[in-house]
Amino acid sequence: MSDLNPSPSSLDPVASSPPATDSVATGAVESTTAGDRSAKARQLLGMKGAQPGETSIWKIRLQLMKPITWIPLIWGVVCGAAASGNFHWSLENVLVAAACMLLSGPLLTGYTQILNDYYDREIDAINEPYRPIPSGAISLPQVVTQIWVLLIAGIAVAFALDQWAGHQFPTITVIALVGSFLSYIYSAPPLKLKKNGWLGGYALGASYIAFPWWAGQALFGDLTPTIMVLTLCYSLAGLGIAIVNDFKSVEGDRQLGLQSLPVMFGVKPAAWICVLMIDVFQGLIAAYLIFIHQNLYAAILISLIIPQITFQDMYFLRDPLQNDVKYQASAQPFLVLGMLVAALALGRSIAV
């Protein structure tokens, strides 16, 4: 016998279509899957917004080294090679430059990042509990072993580069040792330079700009006092970049007594200090390029500062806590391109 009550699916055109909740659920699943992939990618790169739960020890070790932070140091080597005025496109030079990038990026930056995480594990437990150390994904003895392996490998590569360049004085090795020591006192007590926003920020800026530039320049040319002063000046712009990274840690820094600039001055004033440091010192480099008659390069550098100012106003100055990552992604490419423009100008002035 047929059912006397008609089925809703046979008569109701709304009911006969798939329930709305199904499509919503499907969309939610897809969104969750995309979000999981994004969180895992951020986790491996060492970015804010990662998630815990990784079990592969090699992925955990990679996460500790924060690959996203290698990029500016690798770029610094490129700038140093360009500023030397003596880099030529040959297979040998490319391979040697790649070894110098390995030194500055994965090895010594990786060492620096792990060392910082080791000594910041209490702060990270507040600010970024998903990080490998506070989450318990890796043991402290394993962390210490990785620190030593990266440091020793970095010094060995630096010494090999000095031998290739024929240096009587091991310039690159000394740069690597000084940079490694600076990384140690930046993170470790009793000095712990990062406790002071000015000292810690400048140490970070010099490590990101001056040291890899010096290594690249010493590898292919002469590292002169003029270049050292100019890159240390450029590192003051790097201090501004370092301040951007402090905004994500304001709460933990305040609780543990670290005097980052956002803690010292407040969020809004620190944001203004940050953008002024970035813009003013790039402007001074442009002025120096005009002084050495590299006017075209100076004009290009100034044109690259303008979009940075635009993004500072659009994102960072309006809400530095929420827009720090968005601001860095949009504005920093212009900063690093400006570094290369300055390097090419300096290399051209040497060649002339």
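Could you say whether any residue in segment 297-319 is touching a Leu at 6+ places or on another chain (Cβ under 9 Å), open to solvent by less than 20 Å² (accessible area, probe 1.4 Å), among the aliphatic types (A, V, I, L, M) and within 24 Å of residue 242 (Cα to Cα)? Within segment 297-319 (the criterion being touching a Leu at 6+ places or on another chain (Cβ under 9 Å), open to solvent by less than 20 Å² (accessible area, probe 1.4 Å), among the aliphatic types (A, V, I, L, M) and within 24 Å of residue 242 (Cα to Cα)), the answer is yes, since at least one residue qualifies. The single residue among 234, 202 that is surrounded by fewer than 24 Cβ atoms within 10 Å (Cβ to Cβ), in contact with a helix residue (DSSP H, G or I) (Cβ under 9 Å, 6 or more places away or on another chain), closer than 20 Å to residue 105 by Cα and of a type in the set (Phe, Trp, Tyr) turns out to be 202.
Starting from residues that are open to solvent by less than 10 Å² (accessible area, probe 1.4 Å) and among the small types (Gly, Ala, Ser), keep the ones in segment 245-276 and report whichever is modelled with the lowest pLDDT. Filtering segment 245-276 for residues that are open to solvent by less than 10 Å² (accessible area, probe 1.4 Å) and among the small types (Gly, Ala, Ser), the one modelled with the lowest pLDDT comes out as 252. Assessment of segment 277-290 against the conditions (within 25 Å of residue 192 (Cα to Cα), assigned to a helix (DSSP H, G or I) and either open to solvent by 10 Å² or more (accessible area, probe 1.4 Å) or of a type in the set (A, V, I, L, M) (or both)) yields at least one matching residue. In segment 47-62, the residue that is nearest to residue 129 (Cα to Cα) out of those that are at pLDDT 60 or above, open to solvent by less than 60 Å² (accessible area, probe 1.4 Å) and hydrophobic (A, V, I, L, M, F, W, C) is 60. Of the conditions (1) in contact (Cβ under 8 Å) with a residue 60 or more places away in the chain; (2) out of contact with any Gly (no Cβ under 6 Å at 6 or more places or on another chain); (3) among the charged types (D, E, K, R), residue 246 satisfies every one except a single condition; which number is it? (1) is the only condition that residue 246 fails. If the condition is being within 20 Å of the chain's Cα centre (by Cα) and in contact (Cβ under 8 Å) with a residue 12 or more places away in the chain, then segment 147-184 contributes 147, 150, 151, 154, 175, 176, 178, 179, 180, 182, 183, 184.
The residue of segment 82-96 that is farthest from the chain's Cα centre (by Cα), among those that are open to solvent by 10 Å² or more (accessible area, probe 1.4 Å) and aliphatic (A, V, I, L, M), is 91.
Give the residue, chosen from 99, 125, that is more than 19 Å from the chain's Cα centre (by Cα), open to solvent by 20 Å² or more (accessible area, probe 1.4 Å) and within 19 Å of residue 222 (Cα to Cα). Matching residue, one of 99, 125: 99. Checked against the criterion of being in a helix (DSSP H, G or I), within 16 Å of residue 194 (Cβ to Cβ) and touching a Phe, Trp or Tyr at 6+ places or on another chain (Cβ under 8 Å), the candidates 241, 305 yield just one match: 241.
Scanning segment 129-187 for residues that are more than 20 Å from residue 103 (Cα to Cα), open to solvent by 30 Å² or more (accessible area, probe 1.4 Å) and among the aliphatic types (A, V, I, L, M) yields 137, 140. Would you say residue 217 is at pLDDT 95 or above, crowded, with 24+ Cβ neighbours inside 10 Å and not hydroxyl-bearing (Ser, Thr, Tyr)? Answer is yes for this residue.
Exactly one residue out of 291, 311, 220 is in contact (Cβ under 8 Å) with a residue 24 or more places away in the chain and aromatic (Phe, Trp, Tyr): that is 220. Is it the case that some residue within segment 105-120 is out of contact with any helix residue (DSSP H, G or I) (no Cβ under 7 Å at 6 or more places or on another chain) and open to solvent by 50 Å² or more (accessible area, probe 1.4 Å)? No; the residues of segment 105-120 include none that is out of contact with any helix residue (DSSP H, G or I) (no Cβ under 7 Å at 6 or more places or on another chain) and open to solvent by 50 Å² or more (accessible area, probe 1.4 Å).
Taking residue 226 as the residue in question, decide whether it is on the phi < 0 side of the Ramachandran plot, part of a helix (DSSP H, G or I) and either touching a strand residue (DSSP E or B) at 6+ places or on another chain (Cβ under 9 Å) or open to solvent by 50 Å² or more (accessible area, probe 1.4 Å) (or both). Judged against the criteria, residue 226 is a match.
Within this structure, residue 207 fails the test of being over 30 Å from residue 97 (Cβ atoms) and either surrounded by 19 or more Cβ atoms within 10 Å (Cβ to Cβ) or in contact with a Leu (Cβ under 7 Å, 6 or more places away or on another chain) (or both).
The values are calculated or read from the model by the stated rules, or taken from the named source; none is laboratory data. None of these values were measured; they are calculated from a predicted model. Glycine also receives a Cβ, built like all others from the backbone with ideal geometry; neighbour counts cover every protein chain displayed. These area figures cover heavy atoms from the full protein model, side chains too; ligands, DNA and RNA do not enter into them. Shrake-Rupley method; radii C 1.70, N 1.55, O 1.52, S 1.80 Å.
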